[in-house]
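Colleague: Quick one: the structure is below, and I'll ask about it shortly.
Bear in mind that the values in this text are calculations on the coordinates, not laboratory data. Quantities reported herein were computed from a predicted structural model and do not represent experimental measurements. Note: ideal-geometry Cβ built from the backbone for every residue, glycine included; neighbour counts use all protein chains shown.
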Amino acid sequence: MTTSINIIQPDDWHVHFREDEMLKVVTKYSARVNRRCIAMPNTSTPITSSNQAINYKKLIESNSQSLNFEALIPCYLTDSLNIDDFTYALQNKIFVGGKLYPSNATTNSQYGVNDIKKIYNIFEILEKENSVLLIHGELNRDDIDIFDREKYFIDEELYQIRSSFKSLKIVLEHVSSDYGVDFVKTNNNIAGTITPHHMLLTKKDVFKDEEINPHHYCMPVVKNENDLLSLRKAACFDNIKFFLGTDSAPHHIEDKKYPNSFKAGIFSSPSSIELYTSIFEEENALENLEKFSSINGPKFYNLDINTDYLTLERSETIIPDYTEEGSIKIKNFYANKNINWKASKLDV
Ligand code: NCD
Ligand code: ZN
C-alpha cells in the first residue's frame with residue numbers, strides 16, 4: 001500500500017478569498033499547499049479594473065502566510081468595462097483573463113452579464129491577447145430547471161462563443177455534469193476545472209425530505225450519480241483537459257441557515273489536496289494526480305510548471321466541523337469525516 005507520494009506543488013485554478021476578516025482567515029489554507037491560486041473576482045465590489053486587481057493581489061499575498069504564494073486575478077466582466085484599462089491589464093499580466101458571470105447565476109453575480117452578445121468585443125480582445133475566458137457556465141432563467149442550467153448554457157451560449165472565437169482559450173469552471181464533460185472533451189481550446197465536492201456528492205446529499213442541506217448547496221448544484229462518475233473519470237483518466245479548481249467558497253455560518261438565508265458555496269480549502277488525493281486513490285489513479293493538480297493547469301494557462309514538490313502521507317485525520325477565528329465561523333466541507341491523506345511537507 002502506498003504510504004507517501006510526492007507531487008509537483010499544485011495550483012488551485014478557482015478559489016474565493018473574499019475580503020476583510022474573512023480573507024485574513026481563509027487565504028492561508030490555500031497557500032498551505034498551492035503555489036498559485038486564481039482568486040475569483042466576485043468580491044462584494046467586483047474586481048473590474050487594473051488598480052483593483054493590483055490591490056487585491058497584494059492584499060491576498062500579504063495575508064497568505066507564505067513567502068512565494070501568488071494570487072492570479074481575472075477581471076469580472078461587465079458590459080461597461082473600461083476597454084483600454086482592460087487591454088492594458090491583460091498585456092501587463094495584471095489580469096490572468098476575464099471571468100464571465102451570467103447575471104444572477106451565483107453569489108455576487110448581480111453585476112454580471114445579461115446579454116452575452118454585448119461583450120463579444122471583450123472576447124475578441126481576450127482572443128487577440130492569447131488570454132483566457134473563464135466561464136461560470138449556467139443559464140439562470142425561470143423556465144430552466146436548476147439541474148439543467150449548465151446544459152442550457154452550453155446549448156444556448158457556449159456553442160456560439162466557441163464557433164465565433166475559434167482560438168479563444170476557454171475554461172468551463174466547476175464542470176458539474178456529464179454533458180459538460182462531454183462538451184469539454186469534444187471541443188478545441190477548452191478545458192475544465194473540477195471541484196472535490198462535485199466528485200463526492202450527489203443531489204441526494206443536498207435535497208432531502210424537501211429540505212436543503214445548506215452546507216452542500218453550491219452553484220452549479222451537484223447532480224446525479226452518472227454525472228459524479230463522469231467527473232471522476234474525466235479528472236482521473238481523461239486527464240489532459242481537466243485540472244484542479246476547488247471553488248472553495250467560504251460563507252459565514254450565519255449565511256448558511258436554511259430556510260432563512262443560505263448562500264451558495266462550499267468551503268474545502270483546509271483539506272483540498274487531501275480530498276482530491278483520496279478520490280484519485282479510490283479510482284486507482286494516484287499516478288495521475290500530479291497531472292490534474294500541477295501540470296494541466298499551467299500548460300493551459302501558458303505558465304511555468306512549479307518547481308517545488310509537495311509530499312502527501314497516508315495518515316487518518318478527521319476534518320474538524322468548523323474553521324473558527326475571531327468573529328469568523330465557517331462550516332468545513334466533509335466535516336467530521338475521515339480522510340486518509342495529509343499534506344505533510346513542502347520541499348522548497
Ligand atoms: C461561489 C461564491 O460563493 O462566490 N458560490 C458557489 O456556489 N460556487 C460563486 C461561484 O463560483 O459560483
Ligand atoms: Zn467559484
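Colleague: 222 nm [θ] for the chain, helices only, -39500 (n - 2.57) per DSSP H run of 4+, per residue, to 500?
Modeller: -7500 deg cm²/dmol
Colleague: Enter the Cα centre distance for the pair the range 233-269 and the range 271-346, rounded to the nearest angstrom.
Modeller: Distance between centres, Cα-based: 13 Å.
Colleague: Say the dipole of the chain comes from +1 at the beta carbon of Lys and Arg and -1 at that of Asp and Glu; which of Ile144, Thr48, Pro102 then lies farthest toward its positive end?
Modeller: With unit charges placed on the Cβ atoms, the residue in question is Thr48.
Colleague: Would you kindly state how much longer the chain becomes between Ala264 and Asn187 on full extension, computed as 0.36 nm times their sequence separation minus their alpha carbon distance, in nm to one decimal?
Modeller: Working: separation 77, 0.36 × 77 = 27.72 nm, distance 2.91 nm.
Contour length minus Cα-Cα distance gives 24.8 nm.
Colleague: Between Asp304 and Gln65, what length comes free when the chain is fully extended (0.36 nm per residue of separation minus the Cα-Cα distance, one decimal in nm)? Mind dumping the intermediate values first?
Modeller: Values: separation 239, 0.36 × 239 = 86.04 nm, distance 2.25 nm.
Gain on extension, Asp304 to Gln65, equals 83.8 nm.
Colleague: Run the paramagnetic zone check for Lys329: 7 angstrom along Cα to Cβ, then residues of the range 260-290 with backbone nitrogen under 11 Å.
Modeller: Counting backbone N atoms under 11 Å from the label point, the list is empty.
Colleague: If one computes the Cα centroid of the range 123-166 and of the range 185-200, what distance in Å separates the two points?
Modeller: 14 Å
Colleague: Treating cross-link reach as a plain straight distance, find the lysines whose alpha-carbon is under 20 Å from the alpha-carbon of Lys299, omitting any fewer than eight places away in the same chain.
Modeller: Lys93, Lys99, Lys128, Lys166, Lys169, Lys185, Lys241, Lys291
Colleague: Oh, and also: May I ask you to list the lysines whose Cα is less than 23 Å away from that of Lys28, ignoring any residue fewer than eight positions away on the same chain?
Modeller: Straight-distance partners of Lys28: Lys57, Lys58, Lys256, Lys263, Lys329, Lys331, Lys337, Lys342, Lys345.
Colleague: Expressed as a whole number of Å, what is the distance separating the alpha-carbon centroids of the range 33-70 and the range 1-28?
Modeller: About 13 Å separates the Cα centre of the range 1-28 from the one of the range 33-70.
Colleague: Work out, step by step, the length gained on full extension between Asn224 and Phe147: first 0.36 nm times the residue separation, then minus their alpha carbon distance; give nm to one decimal.
Modeller: The Asn224-Phe147 span can extend by a further 26.8 nm.
Colleague: Any idea what the dipole of the range 63-136 comes to, in debye rounded to 20, about its Cα centre with Lys/Arg Cβ at +1 and Asp/Glu Cβ at -1?
Modeller: Using Cβ point charges on Lys, Arg, Asp and Glu, the range 63-136 gives about 140 debye.
Colleague: Would you mind computing, in nm to one decimal, how far apart the modelled labels at Asn288 and Asp115 are, each placed 7 Å from Cα along Cα→Cβ?
Modeller: Computed distance between label sites Asn288 and Asp115 equals 4.3 nm.
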